[in-house]
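Asks: Structure incoming, see below.
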Amino acid sequence: MTYELFLGDRSFSSWSLRGWLMCEGFGLPHRDTFVGLYSGTMARDLAPLAPARTVPVLRSPSGAVLTDSLAMAETLAEENPEAGLWPADPAARGLARSMVAEMHSGFGALRGACPMFLRHGWTGFDPAPEVIADVGRVQALWSLARDRHGADGPWLFDRYSLADVFYAPVATRIATYDLPVDAGSASYVHAALTEPNLVAWRAAGQAVAYHPLPYANLPAVRGLGTLPWEAAVARYA
């Protein structure tokens, strides 16, 4: 049973990363197709997958087309109960679902000001108060999950779950823009960014050339210093 994933980009598309980790992170067979997110062909590329307009898109072995990441997550969990995409404990599962839903619909200030950017880190970024507030809320959720259900492991719950999938791009944003977090959150950021699947995803994206590089000339980062990605991640070790 092989799923088909339609994705946008490895370096900048946070939702594509989530879609890919939903399959790769739990050993679910999948075939990947990248559409023209930055080349201007995305609408044409997705036309056979109506009603899809954005990435990621998942086509299941039954032929069902899922065009929303939350719908993808629930469908994959439903069709693959043995893979353990959600925590097994009911209380933990309820919290994980709530956290994923909040990530899916919230944190607009963080997402708007700090787009996912996996090419290098920035130095000297000055986050707005609204971004700091979003990061504070993220930290509160992470701390709650780990304190109640983390079992002293590196993940939000007792093992890697869809909650970690949905918050992985948040961890990249924190490292890219050097956003301030407490020690517990820093430990989680480092675990998320050194997880082998995310490392492989980022490495594959480095082979793609862009002219110009997306997001590199945003007013918020114009004139800032840069830091190699590995050094940006090491700031949270």
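Asks: Would the range 103-122 turn up any residue that is over 23 Å from SER11 (Cα atoms) and assigned to a helix (DSSP H, G or I)?
Replies: Checking the range 103-122: not a single residue is over 23 Å from SER11 (Cα atoms) and assigned to a helix (DSSP H, G or I).
Asks: Another question, then. May I ask you to say which residue of TYR177, TYR167, TYR160 is among the hydroxyl-bearing types (Ser, Thr, Tyr), in the same structural domain as ALA216 (by TED's automatic domain parsing) and farther than 27 Å from ALA92 by Cα?
Replies: TYR177
Asks: Determine whether LEU95 is in the same structural domain as SER161 (by TED's automatic domain parsing), within 27 Å of PHE157 (Cα to Cα) and either touching a strand residue (DSSP E or B) at 6+ places or on another chain (Cβ under 8 Å) or hydrophobic (A, V, I, L, M, F, W, C) (or both).
Replies: yes
Asks: Can you tell me which of LEU28, LEU37, LEU58, LEU70 is aliphatic (A, V, I, L, M), crowded, with 21+ Cβ neighbours inside 10 Å and either under 20 Å from ASP164 (Cα atoms) or over 16 Å from the mean Cα position of the chain (by Cα) (or both)?
Replies: When all the criteria are applied, what remains is LEU58.
Asks: With the requirement that a residue be over 22 Å from the mean Cα position of the chain (by Cα) and outside any loop (DSSP other than H, G, I, E, B), what does the range 40-55 give you?
Replies: Listed by number, the residues that qualify are ALA43, ARG44, ASP45, ALA47, PRO48, LEU49.
Asks: Then there is this: Which residues, counting only those in the range 87-102, are hydrophobic (A, V, I, L, M, F, W, C) and either in a helix (DSSP H, G or I) or in contact with an Asp or Glu (Cβ under 7 Å, 6 or more places away or on another chain) (or both)?
Replies: Answer for the range 87-102, where residues must be hydrophobic (A, V, I, L, M, F, W, C) and either in a helix (DSSP H, G or I) or in contact with an Asp or Glu (Cβ under 7 Å, 6 or more places away or on another chain) (or both): ALA91, ALA92, LEU95, ALA96, MET99, VAL100, ALA101.
Asks: Read through the list (1) in contact with a Pro (Cβ under 8 Å, 6 or more places away or on another chain); (2) surrounded by 19 or more Cβ atoms within 10 Å (Cβ to Cβ), then give the number of the only condition that LEU21 fails.
Replies: (1)
Asks: To continue, here is another question. Kindly provide the set of residues from the range 96-121 that are touching a Pro at 6+ places or on another chain (Cβ under 8 Å) and more than 19 Å from LEU193 (Cα to Cα), ordered by number.
Replies: ALA96, ALA113
Asks: Only one of (1) farther than 21 Å from GLU24 by Cα; (2) in a helix (DSSP H, G or I); (3) out of contact with any strand residue (DSSP E or B) (no Cβ under 8 Å at 6 or more places or on another chain) fails for PRO212. Which number is that?
Replies: (2)
Asks: Taking the range 69-86 as the region of interest, how many residues are assigned to a loop (DSSP other than H, G, I, E, B) and either more than 19 Å from TRP155 (Cβ to Cβ) or touching a helix residue (DSSP H, G or I) at 6+ places or on another chain (Cβ under 8 Å) (or both)?
Replies: Result for the range 69-86: 2.
Asks: Which one of the conditions (1) surrounded by 23 or more Cβ atoms within 10 Å (Cβ to Cβ); (2) hydrophobic (A, V, I, L, M, F, W, C); (3) part of a helix (DSSP H, G or I) does ALA140 fail to meet, given that it meets all the rest?
Replies: Of the numbered conditions (1) surrounded by 23 or more Cβ atoms within 10 Å (Cβ to Cβ); (2) hydrophobic (A, V, I, L, M, F, W, C); (3) part of a helix (DSSP H, G or I), the odd one out for ALA140 is (1).
Asks: Of the residues PHE157, PHE125, which single one is of a type in the set (Phe, Trp, Tyr), in contact (Cβ under 8 Å) with a residue 24 or more places away in the chain and buried (at least 18 other Cβ atoms within 10 Å of the Cβ)?
Replies: The conditions single out PHE157.
Asks: Let me ask something else about it. Residues to consider are PRO81, PRO51; find the one that is surrounded by fewer than 17 Cβ atoms within 10 Å (Cβ to Cβ) and touching a strand residue (DSSP E or B) at 6+ places or on another chain (Cβ under 9 Å).
Replies: Of PRO81, PRO51, the one residue that is surrounded by fewer than 17 Cβ atoms within 10 Å (Cβ to Cβ) and touching a strand residue (DSSP E or B) at 6+ places or on another chain (Cβ under 9 Å) is PRO51.
Asks: Follow-up. In the range 98-105, is there at least one residue being surrounded by fewer than 19 Cβ atoms within 10 Å (Cβ to Cβ), closer than 24 Å to TRP201 by Cβ and among the hydrophobic types (A, V, I, L, M, F, W, C)?
Replies: Yes, because at least one residue in the range 98-105 is surrounded by fewer than 19 Cβ atoms within 10 Å (Cβ to Cβ), closer than 24 Å to TRP201 by Cβ and among the hydrophobic types (A, V, I, L, M, F, W, C).
The values are calculated or read from the model by the stated rules, or taken from the named source; none is laboratory data. Just so it is clear, the model here is predicted, and its values are computed rather than measured. A quick note on method: Cβ atoms are made from the backbone with ideal geometry, for glycine too, and the neighbour counts reach across all protein chains shown.
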